[in-house]
Every structure is written in structure tokens, then in C-alpha cells.
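All remarks here apply to the structure that follows.
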Amino acid sequence: MIRYIFVLVCSILMGSAIASPIVVSSIKDLQEAINKATPGTTIILKNGVYQTDADITVNCSGTKKQPVIIQAQTVGGAVITGKGGINLASPAAYVVIKGFKFTHAASHARSASGTSYCRWTQNIFETPGKGEYLTIAGNDHEIDYNTFQHKKEMGRILAIRGEGSQIAQRLHIHHNYFYDFPDQGGANGAETLQFGLSGLSLSTSNSIVEYNLFEKCHGENELISVKASGVTLRYNTIRDCPAQFTLRHGNRCDVYGNFF
């Protein structure tokens, strides 16, 4: 009997320690909730269309066991449009961005240098204008189960950068769907995935790009351009993409098990 009471009390205490999600219905309230977030906080943006005048800045931190989760009420149900997107800024760590549809201006979704262990998952990217859909410059990020679709203008869909002369490290990019990037007339700078730059190419990333589906992507002749060292491209499927994997600069990159 005493053991039963002890277990019951512990269960009650553990239940009370789990904070209820914070539900918001405006960009202003979303930003305020992010500013106050602590490890274990879950913030839910109600379904709807939300107009932004500037970036939503995320510089809070969670922990491995208690990440900060910022998510849509249902996948694709909360649409962020307008001038600004979500900017993960230093020192953001262990933050999850989940389930949004982004139709804001291009080049306004990013994980900046100084961020770490963050995740973009189950989002839909369809951001108009010249520029990138998503830029990653921090370390140890995961980009998974997102849809990147219907890009009509110059810029990369996914651009991997770094800090100084060091490429972003230990990224895991997997199970994403890249769809519908028409030919941009032969111009340079319309890769579906650009991993690095010439100035970063001799730094080692130790990153993996795997199990992604690329379909009808022909921004330019380089579908994936690698300008970094220590990058693995494996188990990706490429359908109806008249473009190639290009190892431009760098060392010790592995390419195997892809299906064209």
C-alpha cells in the first residue's frame, strides 16, 4: 500500500512538472512567447495566415532532453507570409521548428552561425522572390521531412554556409522532398542544394545528405553542388531532373547508393 501511494505521488508530481503548451494566435504573441521560452517550452501557433513585417527572431535555448518546440497547430495549417520568416540566431540551441508553411519573402528562413542542435521538420517552403528558401550556417542541425516546392526565381533552395573559413559541421539532411524548380535560363546560382562555398571548401563538415527525393528540379546544371570536405551524399532518389551532382571543391566526399 505504501509503495502504491509513493508511485501515485511521484506520478502526480511528474505530471505537474510538464508544462502545458503555450497557444498563440498572432505574430506578436508568438515572438513574446519565444522571448520567454525556457527548456521544455512548447509554443503552438493556431492555424491561419499570418502576415509579417520583419523576421521572427529565435535566440532561446532548450536542452537535448527538453528542446524548445515552436510548431503549427497542424502540419501546414499555420502559414507565415509577408516580409519576414524565422531567423534562428546565436545562441539558439535545441530548438525545433515544426509544421509551418512558409510563403514569406525568400532568404528569410535561416539558422545563423552560432546556432546549434536545432531542427527544421515537417515544414513546407514556397517562398517567392530571388534568394534562398532555407540557409543553414550553424552546427549539428537536422533538416528532415520538409517539402521545398515551386521555386520560380534565382537562388538556392537549400544553402549550407558556415562561419569564417569553417563550413557548418555535422548536419543531417534527410527525407526531404525537393519539387519543381524550373530552368533559370542557364544562369549560375540556382542549385537545388548548394553545400558550401569555395572559401569554405577545405574545411571538413562531416555531414550526411540521405534519403531525399528530388523531382523536376532543373534550376541549373548543378542539382547538388558541393564546395566542402567530408560530405556524404547517399541513398537519394532523383527523378526527372536534367542536372547533376557536382563535387566542385573539397576533399574526402563520398557519393554512393543514389538512384537516378
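Summary of values
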{"read-out": "Single residue of 143, 70 found to be in contact with a helix residue (DSSP H, G or I) (Cβ under 8 Å, 6 or more places away or on another chain), closer than 17 Å to residue 58 by Cβ, free of Cβ contacts under 8 Å to residues at least 60 places away in the same chain and not acidic (Asp, Glu)", "value": "70"}
{"read-out": "Among (1) crowded, with 17+ Cβ neighbours inside 10 Å; (2) within 19 Å of residue 140 (Cβ to Cβ); (3) touching a Gly at 6+ places or on another chain (Cβ under 9 Å), the one test that residue 70 misses", "value": "(3)"}
{"read-out": "Given (1) touching a helix residue (DSSP H, G or I) at 6+ places or on another chain (Cβ under 9 Å); (2) modelled with pLDDT of 95 or more, number of the condition residue 248 does not satisfy", "value": "(2)"}
{"read-out": "Selection count, the range 188-201, where residues are within 17 Å of residue 151 (Cβ to Cβ) and outside any loop (DSSP other than H, G, I, E, B)", "value": "2"}
{"read-out": "Search result, residues across the range 177-233 that are farther than 26 Å from residue 121 by Cβ and touching a residue at least 60 places away in the same chain (Cβ under 8 Å)", "value": "229"}
{"read-out": "In the range 65-123, the residues that are part of a strand (DSSP E or B), in contact with an Asp or Glu (Cβ under 8 Å, 6 or more places away or on another chain) and farther than 17 Å from residue 148 by Cβ", "value": "82, 87, 116"}
{"read-out": "So residue 17, is it among the aliphatic types (A, V, I, L, M) and either under 19 Å from residue 120 (Cα atoms) or modelled with pLDDT of 95 or more (or both)", "value": "no"}
{"read-out": "Meets criteria (assigned to a loop (DSSP other than H, G, I, E, B) and not aliphatic (A, V, I, L, M)) for residue 219", "value": "yes"}
{"read-out": "Residue that is surrounded by the most Cβ atoms within 10 Å (Cβ to Cβ) [pool: residues in the range 93-111 that are without any contact (Cβ under 8 Å) to a residue 40 or more places away in the chain and more than 18 Å from residue 27 (Cβ to Cβ)]", "value": "111"}
{"read-out": "Given (1) without any contact (Cβ under 8 Å) to a residue 60 or more places away in the chain; (2) in contact with a Ser or Thr (Cβ under 6 Å, 6 or more places away or on another chain), number of the condition residue 157 does not satisfy", "value": "(1)"}
{"read-out": "Among the residues listed as 143, 86, the single one being under 19 Å from residue 177 (Cα atoms), surrounded by 24 or more Cβ atoms within 10 Å (Cβ to Cβ) and of a type in the set (A, V, I, L, M)", "value": "143"}
{"read-out": "Flag if residue 92 is out of contact with any strand residue (DSSP E or B) (no Cβ under 6 Å at 6 or more places or on another chain) and modelled with pLDDT of 95 or more", "value": "no"}
{"read-out": "Considering residues of the range 202-216 that are surrounded by fewer than 18 Cβ atoms within 10 Å (Cβ to Cβ) and not in a strand (DSSP E or B) only, the residue modelled with the highest pLDDT", "value": "211"}
{"read-out": "Among the residues listed as 156, 248, 170, the single one being touching a strand residue (DSSP E or B) at 6+ places or on another chain (Cβ under 7 Å), part of a strand (DSSP E or B) and basic (Lys, Arg)", "value": "248"}
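The values are calculated or read from the model by the stated rules, or taken from the named source; none is laboratory data. Bear in mind the structure is a predicted one, so any value in this text is a computation, not a measurement. Note that we place each Cβ from the backbone using ideal geometry, even for glycine, and neighbour counts take in every protein chain shown.
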